[in-house]
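Everything on this sheet refers to the single structure shown next.
The values are calculated or read from the model by the stated rules, or taken from the named source; none is laboratory data. Remember, predicted model here, so these are calculated numbers, not experimental data. Positions of Cβ are generated from backbone atoms using ideal geometry, with glycine treated the same way; all protein chains shown enter the neighbour counts.
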């Protein structure tokens with residue numbers, strides 16, 4: 001066999017693998033958005049065969065995407081019953097909230113102790129962006145906007161990244177994604193005064209009042225969990 005054809009035989013599987021990964025990433029992104037926007041409701045089945053048919057991809061591509069969603073806490077897998085969106089009142093949401101209160105309060109104290117002036121600027125800048133970003137894309141939209149969700153995550157991460165510990169920050173990112181669905185569901189209930197909550201949190205943090213900041217953060221995280229059980 002010529003060198004040209006030997007190269008072809010090696011490259012073909014790699015190209016197929018890359019193409020499959022790209023399709024899986026697209027399906028994952030689409031399903032993630034649909035779940036977060038409420039197009040699939042709590043406990044609703046996520047049927048791989050049906051999804052594969054509607055999206056024009058193979059069953060294995062859909063299963064890979066669903067596995068990613070499971071890793072983020074946006075889907076569940078049930079023995080002999082396939083996949084579904086997590087249940088609304090699942091105890092897991094309360095456990096995630098407890099984990100976040102424990103972790104993030106400690107990280108915020110570390111940030112206040114270790115953070116420099118550049119960290120203060122990131123906190124101030126991310127809060128300004130969050131403050132200026134509308135919660136919803138339209139007045140009659142029941143769901144928060146993707147822009148606000150992004151700004152919200154950036155602000156909370158900025159509060160904590162002064163801790164200087166990448167392992168803790170990676171753990172925060174995983175817990176944030178896992179709790180995002182619960183927070184969006186809770187947002188469909190009574191309207192919260194996010195502006196005041198975030199402003200008080202920023203003020204206490206930049207004043208280097210660790211006790212007040214940690215207490216405010218704990219209250220902020222508790223409200224979401226409480227909304228789910230109300």
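Summary of values
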| item | result |
| --- | --- |
| Residue check for residue 65: in contact with a helix residue (DSSP H, G or I) (Cβ under 6 Å, 6 or more places away or on another chain), under 30 Å from residue 23 (Cα atoms) and touching a residue at least 40 places away in the same chain (Cβ under 8 Å) | yes |
| Top-ranked residue in the stretch 158-177 [being over 20 Å from residue 98 (Cβ atoms) and touching a residue at least 24 places away in the same chain (Cβ under 8 Å); ranked as surrounded by the most Cβ atoms within 10 Å (Cβ to Cβ)] | 158 |
| Yes/no for residue 58 being touching a helix residue (DSSP H, G or I) at 6+ places or on another chain (Cβ under 7 Å) and modelled with pLDDT under 95 | yes |
| Options 101, 136; residue that is touching a residue at least 12 places away in the same chain (Cβ under 8 Å), out of contact with any strand residue (DSSP E or B) (no Cβ under 9 Å at 6 or more places or on another chain) and part of a helix (DSSP H, G or I) | 101 |
| Search result, residues across the stretch 21-48 that are more than 17 Å from residue 146 (Cα to Cα), in a helix (DSSP H, G or I) and either touching a helix residue (DSSP H, G or I) at 6+ places or on another chain (Cβ under 6 Å) or modelled with pLDDT of 95 or more (or both) | 23, 24, 27, 48 |
| Selected residue (only one of 97, 151 is under 22 Å from residue 200 (Cβ atoms), at pLDDT below 95 and crowded, with 18+ Cβ neighbours inside 10 Å) | 97 |
| Residues of the stretch 125-143 classified as in contact with a helix residue (DSSP H, G or I) (Cβ under 7 Å, 6 or more places away or on another chain) and under 23 Å from residue 108 (Cβ atoms), total | 6 |
| Boolean, residue 74 is at pLDDT 95 or above, surrounded by 13 or more Cβ atoms within 10 Å (Cβ to Cβ) and under 22 Å from the mean Cα position of the chain (by Cα) | no |
